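The values are calculated or read from the model by the stated rules, or taken from the named source; none is laboratory data. Only a predicted model underlies this, so the values are computations on that prediction, with no experimental measurement involved. Cβ sites come from the backbone with ideal geometry, for glycine too, and all protein chains shown count toward neighbours. Keep in mind that these areas ignore ligands, DNA and RNA; they rest on the heavy atoms of the full protein, side chains included. Shrake-Rupley method; radii C 1.70, N 1.55, O 1.52, S 1.80 Å.
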Amino acid sequence: GRMYSKGKGIARRCLPYRTRPPSWVQISVNDLVEQIVKLAKKGSTPSQIGVTLRDNYGIPQVKGVTGSKILRILKKHGLAPQIPEDLFMLIKKAVNIRKHLEKNRPDKDSKFRLILTE
(Lines give C-alpha, C1' and ligand atoms only; values in the text may rest on other atoms or scores of the structure.)
Protein backbone atom coordinates (compact mmCIF):
# COMPACT_ATOMS: atom_id res chain seq x y z
CA GLY A 1 0.00 0.00 0.00
CA ARG A 2 0.83 3.66 0.15
CA MET A 3 2.79 5.25 2.97
CA TYR A 4 0.37 8.11 3.68
CA SER A 5 -2.96 6.95 2.34
CA LYS A 6 -5.10 3.85 2.31
CA GLY A 7 -4.78 3.31 -1.46
CA LYS A 8 -3.41 0.10 -2.86
CA GLY A 9 -3.61 1.13 -6.49
CA ILE A 10 -1.31 -0.02 -9.26
CA ALA A 11 -3.20 1.88 -11.94
CA ARG A 12 -1.33 2.39 -15.19
CA ARG A 13 -2.02 3.22 -18.79
CA CYS A 14 -3.09 0.23 -20.82
CA LEU A 15 -3.45 0.25 -24.57
CA PRO A 16 -6.82 -0.66 -26.01
CA TYR A 17 -6.86 -4.03 -27.74
CA ARG A 18 -7.86 -3.49 -31.33
CA THR A 19 -6.68 -4.92 -34.60
CA ARG A 20 -7.54 -2.00 -36.85
CA PRO A 21 -6.55 1.67 -36.53
CA PRO A 22 -8.98 4.23 -35.03
CA SER A 23 -11.42 5.81 -37.47
CA TRP A 24 -9.82 9.27 -37.17
CA VAL A 25 -6.38 8.15 -38.39
CA GLN A 26 -6.46 9.17 -42.04
CA ILE A 27 -2.96 8.11 -43.15
CA SER A 28 -2.30 5.03 -45.28
CA VAL A 29 0.17 2.33 -44.26
CA ASN A 30 2.59 3.13 -47.09
CA ASP A 31 2.61 6.85 -46.29
CA LEU A 32 3.27 6.10 -42.64
CA VAL A 33 6.16 3.72 -43.42
CA GLU A 34 7.59 6.34 -45.78
CA GLN A 35 7.37 8.96 -43.03
CA ILE A 36 9.10 6.66 -40.51
CA VAL A 37 11.93 5.91 -42.95
CA LYS A 38 12.35 9.63 -43.70
CA LEU A 39 12.61 10.46 -39.98
CA ALA A 40 15.06 7.60 -39.43
CA LYS A 41 17.30 8.88 -42.22
CA LYS A 42 17.41 12.25 -40.45
CA GLY A 43 18.92 10.35 -37.53
CA SER A 44 16.14 10.09 -34.97
CA THR A 45 15.78 7.09 -32.66
CA PRO A 46 12.65 4.89 -32.74
CA SER A 47 11.16 6.54 -29.65
CA GLN A 48 11.80 10.04 -31.06
CA ILE A 49 10.06 8.94 -34.26
CA GLY A 50 7.08 7.74 -32.20
CA VAL A 51 6.87 11.07 -30.35
CA THR A 52 7.09 13.06 -33.59
CA LEU A 53 4.37 10.99 -35.23
CA ARG A 54 2.16 11.36 -32.16
CA ASP A 55 2.61 15.13 -31.83
CA ASN A 56 2.73 16.29 -35.45
CA TYR A 57 0.70 13.69 -37.32
CA GLY A 58 -1.75 12.51 -34.66
CA ILE A 59 -0.84 8.84 -34.94
CA PRO A 60 -1.46 7.11 -31.60
CA GLN A 61 0.25 3.74 -32.11
CA VAL A 62 2.23 2.81 -35.22
CA LYS A 63 1.62 -0.88 -34.51
CA GLY A 64 -2.14 -0.27 -34.66
CA VAL A 65 -1.90 1.23 -38.14
CA THR A 66 0.85 -0.81 -39.81
CA GLY A 67 0.69 -4.03 -37.80
CA SER A 68 4.40 -3.86 -36.95
CA LYS A 69 6.43 -1.72 -34.58
CA ILE A 70 8.75 1.13 -35.58
CA LEU A 71 11.96 -0.83 -34.95
CA ARG A 72 10.72 -3.75 -37.07
CA ILE A 73 9.92 -1.36 -39.93
CA LEU A 74 13.41 0.13 -39.64
CA LYS A 75 14.99 -3.34 -39.62
CA LYS A 76 13.08 -4.23 -42.77
CA HIS A 77 14.47 -1.13 -44.48
CA GLY A 78 17.96 -1.74 -43.10
CA LEU A 79 17.96 1.40 -40.96
CA ALA A 80 18.02 -0.14 -37.49
CA PRO A 81 20.89 1.03 -35.22
CA GLN A 82 23.80 -1.34 -34.53
CA ILE A 83 23.34 -1.21 -30.75
CA PRO A 84 19.84 -1.08 -29.19
CA GLU A 85 18.54 2.35 -28.29
CA ASP A 86 18.20 1.71 -24.55
CA LEU A 87 21.76 0.39 -24.30
CA PHE A 88 23.02 3.39 -26.28
CA MET A 89 21.30 5.79 -23.87
CA LEU A 90 22.84 3.99 -20.87
CA ILE A 91 26.32 4.25 -22.40
CA LYS A 92 25.74 7.95 -23.09
CA LYS A 93 24.59 8.47 -19.50
CA ALA A 94 27.66 6.69 -18.09
CA VAL A 95 29.97 8.83 -20.23
CA ASN A 96 28.27 12.00 -18.99
CA ILE A 97 28.56 10.94 -15.34
CA ARG A 98 32.26 10.16 -15.84
CA LYS A 99 32.82 13.60 -17.33
CA HIS A 100 31.04 15.17 -14.36
CA LEU A 101 33.09 13.12 -11.88
CA GLU A 102 36.36 14.29 -13.45
CA LYS A 103 35.35 17.88 -12.72
CA ASN A 104 33.80 17.18 -9.31
CA ARG A 105 35.88 14.55 -7.57
CA PRO A 106 34.20 14.59 -4.13
CA ASP A 107 30.72 13.92 -5.55
CA LYS A 108 30.02 10.54 -3.92
CA ASP A 109 26.39 10.39 -5.03
CA SER A 110 27.18 10.48 -8.73
CA LYS A 111 29.92 7.90 -8.17
CA PHE A 112 27.23 5.61 -6.78
CA ARG A 113 24.90 6.39 -9.70
CA LEU A 114 27.69 5.56 -12.13
CA ILE A 115 28.06 2.15 -10.51
CA LEU A 116 24.30 1.63 -10.86
CA THR A 117 24.32 2.69 -14.50
CA GLU A 118 27.21 0.46 -15.43
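Brief remarks follow.
- Taking Cβ atoms as reference points and 15 Å as the exclusive limit, the residues near Asp86 contribute a net charge of +1, counting Lys and Arg as +1 and Asp and Glu as -1.
- Here segment 69-118 is treated as an ellipsoid with the same Cα gyration tensor; its semi-axes, largest first and in whole Å, are 33, 9, 6.
- Spherically averaged projected area in nm², based on the convex hull that wraps the Cα atoms of the chain: 12.0 nm²
- Rounded to the nearest whole Hz, the Karplus-based 3J(HN,Hα) values (6.51 cos²θ - 1.76 cosθ + 1.60, θ = phi - 60°) of segment 41-46 follow the sequence 5, 6, x, 8, 7, x, with x at glycine and proline.
- Accessible surface of the chain [probe 1.4 Å, protein heavy atoms]: carbon and sulfur percent: 55 percent
- Residues in the chain average 83 Å² of solvent-accessible surface per residue, probe 1.4 Å, ligands and nucleic acids excluded.
- Net charge in the neighbourhood of Ile115 (other residues with Cβ under 15 Å of its Cβ; Lys, Arg +1, Asp, Glu -1) is +2.
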